[in-house]
Each structure stands twice: as C-alpha cells, then as structure tokens.
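Following: one structure in structure tokens, then a few remarks.
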Amino acid sequence: QMILAIETSCDETAAAIIRNGTEIVSNVVASQIESQKRFGGVVPEIASRHHVEKITLVIEKALKDAEIEPKDLDGVAVTEGPGLVGALLIGINAAKAFAFAHGLPIIGVHHIAGHIYANALVQKMEFPLLALVVSGGHTELVLMKEHGHFEVIGETRDDAAGEAYDKVARVLNMPYPGGPHIDRLAHEAEIGVEFPRAWLEDSYDFSFSGLKSAVINYKHNMDQRGEEIIPEQVAKGFQDSVVEVLTTKTVRAAREFHVKQVIAAGGVSANKGLRSSLEQAFSKEGIPFYVPPLKLCTDNAAMIGAAGSFMFKSGVRSNLSMNGLPGMELKSWSLA
Ligand code: ATP
Ligand code: FE
Ligand code: MG
C-alpha cells in the first residue's frame, strides 16, 4: 500500500510517500520559518501564499524522491484540521485535484492523530498506549486502546506548551520559534530561577499561562530594579517547571491506565530536557517509552501518511466534498 500524504495546516508545506503505514519512502518539508521570523510568529495570509507557491513543487519532489509515478499510489491522505483554514485548504485542494486526476481515494487526517502516528514510522505501536501530545497548539494526554481510538484524558486549560515556549522566548528576545532556543539556553545554566508549577490537583489537565506570567513578571521586576536577568537561568527555571509537570502527570496516567507503551508527539517533544526526563522516568517505571526522531516531531507529511494509511486499512474514507476544519476535534476513527 502506497500513500501520498500532504500537510499544510500551519507554516510547513509538506508531502511524503509512505509504504504500508510504517515506511517513509520520501519526505519533503518546505519550511516558512525564515519568512515568518520577522513577524515573530505565523501570519495566516503569508502562510497561505507560501503554501500556494510551494505545494506543487513539494508534491512533485516527494514523487521524484520516491521514484514512483501517480499510478503506483493507492490513495491520498491530507490534513483536514485543525489549523489555519486558508493554509489547510491549499493542501486539501491540491489533494483533491491529485486524487481526482488519478482516480485515487482520499482521506482527511486529524493533524494531532498525525503527530501521534509519527511513532508508527519508527516502532510498532502497542496498546493500551498513552500519548503525551505537546505542540504549538496542543498539550494533551491521549489514551489509545487500539488503532484509531483516541480518548483525551487531560488537556491544557489555557496556553499550549509550545505557545508558552514561544512567548517566553520572546520575553528573552529570542527569535521565533523559540522552543529550540530556550532548550539550548536551559542547558547552559547550572541553576534556574524558581518558577511555580501548576498541578491543578489530581486532574490530568495542564495550565501554562501562570508560568508564562511569572516569567514576564520576573523580567519586569528585574528591569524595574535596574538589574540584568540571566537568560540561561530564566530558561532553565521555565523549562524545569514545564518538564516536571509534563513528566509527573504522564507517569501518573501511565500507571492508572496500565499502559503497555508511552509515546511523546508534537513539536515540543523535540525538547532535550523533556525527552531525557521522560526517558529516565519510564525506564524507572519499567514501561517502554518512545519519541520520534526530531524531524518527525515537528510538522511533516510523513506522519499524516502514517495515520492515513492506518485509516485506509480500517476502511475509513473521505470524499471530494472535504473542507478545511480549523477547529477539528480528535475523534476515534470508528466514530468518524
Ligand atoms: P499543532 O501541532 O498543535 O497544530 P504546530 O503544528 O504549530 O501546532 P508543531 O509544529 O508540532 O506545532 O510544534 C511547533 C512548536 O514546537 C513551537 O511552539 C516550537 O517552539 C516548539 N518546539 C520545537 N522544538 C522545540 C524544543 N526543542 N523545545 C521546546 N519546544 C520546541
Ligand atoms: Fe503540529
Ligand atoms: Mg509548525
């Protein structure tokens, strides 16, 4: 089974060819980070324009790199939501046109299901499985009892982890996206500034806006006193708080639901501090823990192809009336 996958939900224009849901035949990502940098974030209109310019080239390159022709394909998978509606529609329209022209079935994939299924490209998913999804727009603990089954047992009540990283980076005058910069700075400090942890009692929900405000207030107070902050120590204090809360809640959920495997997914799972904290914690727990290689953590089409392949296999189909769903919910496939 050979799938063409397309992802344009945010600021990467991406296409990939996936065999049997587990093997990357080609994986092309054209990032807009350089042009979005000067705005300190993603500007929707600019994102859409970039996608329009690049989508055809990116799809052609994915086919060329894979050394296949459209007739070798069995289907097209595309991110249906959530994301920026204008950005989503460019990928969806390209997917529809391609599917129609070559008589292929099409399937709409939830972007977060994609992030989770990035793991299927590196190892066999075993159920029940707990996924910690930490990205630019999401922070969730997702329990999966089988392929295509998603139960969100906890989620952020305000900012996503990646969003908090990007905002704190801005306070420290670091360029967008800030996550990798904070990660690097945090590793350059011995001690961190003491910042609060939001436990929200025994729920599996998260909150990062209080922490973000604490960092902003700290900087403000230091400025008022005419003192210099030490960015490395601020970064470390912030990262320690995020990592401790994410790790503690993930471990507690893994125990409660007796999962066979824990995986991390999404852009923030590229974080070195988080990866090593989760690795240590789960090696102590004796529960297998996996996180995809960096390139598969941030947005890409290979992960959409992985999820799409499993959806095709379980008989799910979309049709050419598919629309972009900016607020799409993560639903189980059987219910989709
Ligand atoms: P979503 O997947 O929720 O729709 P998104 O697609 O914009 O949002 P991703 O591309 O999955 O998000 O992740 C991007 C986020 O990951 C950014 O907020 C970025 O700062 C963060 N990030 C990337 N690398 C790291 C890192 N090493 N440490 C912390 N955060 C990181
Ligand atoms: Fe993403
Ligand atoms: Mg992104």
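Taken together, the values in this text are just the output of simple stated rules run on the coordinates, not laboratory data. The structure presented is a predicted model; accordingly, all values stated were derived computationally and were not measured. Reconstructed Cβ throughout: ideal geometry from the backbone, glycine too, with neighbour counts over all protein chains shown.
For the chain, the 222 nm mean residue ellipticity estimated from helices alone, with every DSSP H stretch of n ≥ 4 adding -39500 (n - 2.57) and the total spread over all residues, rounds to -13500 deg cm²/dmol.
If the viscosity is 0.890 mPa s and the temperature 25 °C, what Stokes-Einstein diffusion coefficient in µm²/s follows for region 115-273 when Rh is the Kirkwood radius over Cα pairs? Intermediate values should be presented prior to the final figure.
Details: Rh = 16.2 Å.
Rounded, D is 151 µm²/s.
With the charge dipole of the chain set up from +1 on Lys and Arg Cβ and -1 on Asp and Glu Cβ about the Cα centre, the Cα lying farthest toward the positive end among the listed residues ASN217, ILE153, ALA118 is that of ALA118. Across the alpha-carbon atoms of region 33-133, the computed radius of gyration and Dmax are 15.8, 43 angstrom. The C-alpha atoms of the chain define a longest principal axis, and helix 272-285 lies at about 90 degrees to it.
Summarise the long-distance tail of P(r) for region 222-336 by giving the % of C-alpha pairs beyond 26 Å.
Working: 2791 of 6555 pairs.
The share of Cα pairs beyond 26 Å in region 222-336 comes to 43 percent.
For region 231-282, the Stokes-Einstein estimate of translational diffusion at 37 °C and a viscosity of 0.692 mPa s comes to 279 µm²/s, using the Kirkwood hydrodynamic radius over alpha-carbon pairs. Measuring r between the beta carbons of SER332 and GLN1 and using R0 = 25 Å, the FRET efficiency lands at 0.70. Computed packing ranks the peptides 218-229, 277-288, 88-99 as 88-99, 277-288, 218-229, most packed first, by mean other Cβ atoms within 10 Å.
Please give the peptides 167-180, 127-140 ranked by average Cβ packing (other Cβ atoms within 10 Å per residue), highest first, as a rough proxy for protection.
Taking the mean over residues of other Cβ atoms within 10 Å, the ranking is 127-140, 167-180.
Under the combined filter of DSSP loop state and at most 16 neighbouring Cβ atoms within 10 Å, region 226-264 retains these trypsin sites (Lys or Arg not before Pro): LYS260.
Quote the relative contact order of the chain in percent (integer), defining contacts as alpha-carbon pairs under 8 Å separated by 6+ residues.
On the way: 746 pairs, mean separation 87.5, N = 336.
Relative contact order for the chain comes out at 26 percent.
A Stokes-Einstein calculation at 10 °C with viscosity 1.306 mPa s, built on the Kirkwood radius of region 94-191 over Cα pairs, returns a diffusion coefficient of 97 µm²/s.
Note down the magnitude of the dipole of region 21-80 about its Cα centre, charges +1 on Lys and Arg C-beta and -1 on Asp and Glu C-beta and zero elsewhere, to the nearest 20 debye. Could the numbers behind the result be given before it?
Values: 7 positive and 11 negative charges, 87 e Å.
Charge dipole, region 21-80, about its Cα centre: 420 debye, nearest 20.
Here the extension length gained between HIS258 and SER314 equals 17.6 nm, from 0.36 nm per residue of separation less the Cα-Cα distance. Considering only ILE182, ILE33, ILE116, the Gaussian network model of the chain with Cα springs below 10 Å gives its largest mean-square fluctuation to ILE33.
Got a sec? Which residues in region 153-175 would a label at GLU285 touch, if it sits 7 Å along Cα→Cβ and we count backbone N under 16 Å? The answer is 153-155. Gain on full extension, evaluated as 0.36 nm per residue between ASN221 and ASP158 minus their Cα-Cα distance, stands at 20.3 nm. Take the Cβ atoms of ILE191 and LYS71, set R0 to 45 Å, and the FRET efficiency comes out at 0.15. Rounded to whole Å, give me the distance from the Cα center of region 149-175 to that of region 273-323. Here the two parts' Cα centres lie 18 Å apart. Relative to the current alpha-carbon distance between SER276 and ARG184, full extension at 0.36 nm per residue lengthens the span by 31.7 nm. With contacts taken as Cα pairs under 8 Å at a separation of at least 6 residues, region 90-162 carries a relative contact order of 20 percent. Quick one: pull the percentage of alpha-carbon pairs in region 64-105 with a separation above 17 Å. Of all Cα-Cα pairs in region 64-105, 39 percent lie more than 17 Å apart. Can you give me the relative contact order of region 123-262 as a percent, contacts being Cα pairs under 8 Å and 6 or more apart? After rounding, I find 28 percent. Restriction of the GluC sites (Glu not before Pro) in region 1-76 to DSSP coil positions whose beta-carbon has at most 15 other beta-carbons within 10 angstrom yields GLU67. Using the alpha-carbon positions of region 196-277, Rg (one decimal) and Dmax (whole number) come out as 15.4, 52 Å. Pairwise Cα separations in the chain fall into 20 Å bins from 0 onward with the following percentages, short to long: 33, 56, 12, 0.
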